[in-house]
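Below: the structure, in structure tokens.
The values are calculated or read from the model by the stated rules, or taken from the named source; none is laboratory data. Everything quoted here is computed from the prediction, not taken from an experiment. Note that we place each Cβ from the backbone using ideal geometry, even for glycine, and neighbour counts take in every protein chain shown.
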Amino acid sequence: MSYKLEEELTELAKNIETVITDSLDSLELNKAKAQVNSAMDHAIDEVRRALGQAGTKLNQAGEKLDQTLGQAAGRSRQKDGESGAKQSWTGKGRMGRMARRIPDISRMTPSQLLRYSQIPVSRNPAGKTSGMVYAALGITGLVIFVPTLLGGLAATVASGFSGLMTGGLLFIAGLTAGSGLLASRGFSLRKRVKRFYRYLRIINNRTYCDVKELISSQGAEPKLVMKDLKTMIRLGMFREGHLDESGSTLMLTDATYQQYLEVQKQRRQEEEQARKEQAMIAENPEMAALKEAVEEGGRYIGMIRQANAEIHSQDMSRKLDRLEDITKKIFEHIQNHPQNLGDLRKFMNYYLPTTLKLVRVYCELENQPVEGDNIMSAKADIEKTMDTINVAFENLLDDMFEDTAMDVSTDISVLKTMLAQEGLTESELDSLKS
């Protein structure tokens, strides 16, 4: 129906253009007005007739659709009663009928684009109605005032540019300019609405879209597309539309935009943490060594975990789980107590690489197609060695807490001494109670 209305208005514009041309050639104002009135009456009659026909067809289509849905529902109930078959998602039910009725988006009319849009968009885009009104008023004004302006100009020249005629001519010129601006504004709004529909086709119900995709598909200047998107978001044409900080991504829902904000917040926090670490490393060179050791330890732990995933022996896998847990705790302790980093050199340079080498050899032996005596013996030796390695690593971790244990012992001794001096030890308290 909207396309038919646009065709009628286009025909109206053509008729008006013909009238303007004829009027400019002949400068017959009365004749121009009569032709305008005739053209507009004819166009209005055609629009009314088109609207009436469209309404009749719409009612007929609605009745036919109701009949079709009723028949489909009846067949569905009958089939369910006979066979008890499970309904498919797109075969039966309201959602199934809706899925079949939705046309291809590339063939959708503007009204269908808005009706079936799964992203929040305005059902009456800004400029759809006002653009038509502005264009019609502007064209009508031009039809009336351009011939009047030309006639007034001729009369003014003939009268020798009298003051009264000149003032009237300037007034008509202002009305003509205003009409031209109205018409230009109307056409501009209509073009923007058409671009909005094209954007909807490209977005195709996605919750976000690369702006470059919109630019390349439109064959337009990037500045025009960016201006369009910002204006459409501001006017609510994309009701939940947002652009990212760089203007490279269009997000069509608030939920998507919130996810983007959370990712951005996390990224900024990570950047801030990295900046602080860099500042600490610059101030304290020992922090650089600590950071490098912790990162290397993380790589070793990851390689042990990956090798463990390839091992079929449950007993060996449990030993590697224990190894990974102990190694992780060692590096956590070092990270919290950087002063013990020197005690970790041999562990990092020899123990861990050799242990990882043995684990990889075990994986290679397990993947052999045959399992002879030599393979079985080597695997058994590695499994026993893993017990020794785990005990050694546990002892290393325990040694790292030696200073902590001494500090705790010292604090306890000092506390007991102070309590005794204040007469608050257990024996003193018992005497007070009695």
List, please: which pairs have Cβ atoms under 6 Å, are six or more places apart or on different chains, and start with a residue in the stretch 348-359 that is farther than 15 Å from Leu396 by Cα and end with one that is exposed (fewer than 10 other Cβ atoms within 10 Å of the Cβ)? none
Quick one: how many residues across the stretch 112-134 are assigned to a helix (DSSP H, G or I) and within 15 Å of Asn205 (Cα to Cα)? 4
Residue count, the stretch 192-217, condition outside any helix (DSSP H, G or I), of a type in the set (D, E, K, R) and surrounded by 14 or more Cβ atoms within 10 Å (Cβ to Cβ), comes to 1
What pairs come out if I take residues in the stretch 308-321 that are under 19 Å from Leu352 (Cα atoms) and pair them with residues that are among the β-branched types (Val, Ile, Thr) and assigned to a helix (DSSP H, G or I) whose C-beta lies under 7 Å away, six or more apart or interchain? Leu320/Ile304; Leu320/Val359
Among the numbered criteria (1) under 20 Å from Pro120 (Cα atoms); (2) of a type outside the set (Lys, Arg); (3) without any contact (Cβ under 8 Å) to a residue 12 or more places away in the chain, which single criterion is violated by Met251? (3)
Cβ-Cβ below 6 Å, separation at least six or inter-chain, first residue in the stretch 122-151 and at negative phi, second of a type in the set (Val, Ile, Thr) and modelled with pLDDT of 90 or more: which pairs? Pro125/Val193; Lys128/Val193
Index of the failed condition, Glu402 passing every other in (1) modelled with pLDDT under 85; (2) in contact with a helix residue (DSSP H, G or I) (Cβ under 8 Å, 6 or more places away or on another chain): (2)
The lone condition Asn284 fails out of (1) of a type outside the set (A, V, I, L, M, F, W, C); (2) at pLDDT below 80; (3) surrounded by fewer than 12 Cβ atoms within 10 Å (Cβ to Cβ) is (3)
For Met226, indicate whether it is in contact (Cβ under 8 Å) with a residue 40 or more places away in the chain and closer than 18 Å to Ile202 by Cα. no
Condition test on Ser122, is it at pLDDT 85 or above, more than 30 Å from Thr253 (Cβ to Cβ) and either in contact with a Cys (Cβ under 8 Å, 6 or more places away or on another chain) or not aliphatic (A, V, I, L, M) (or both)? no
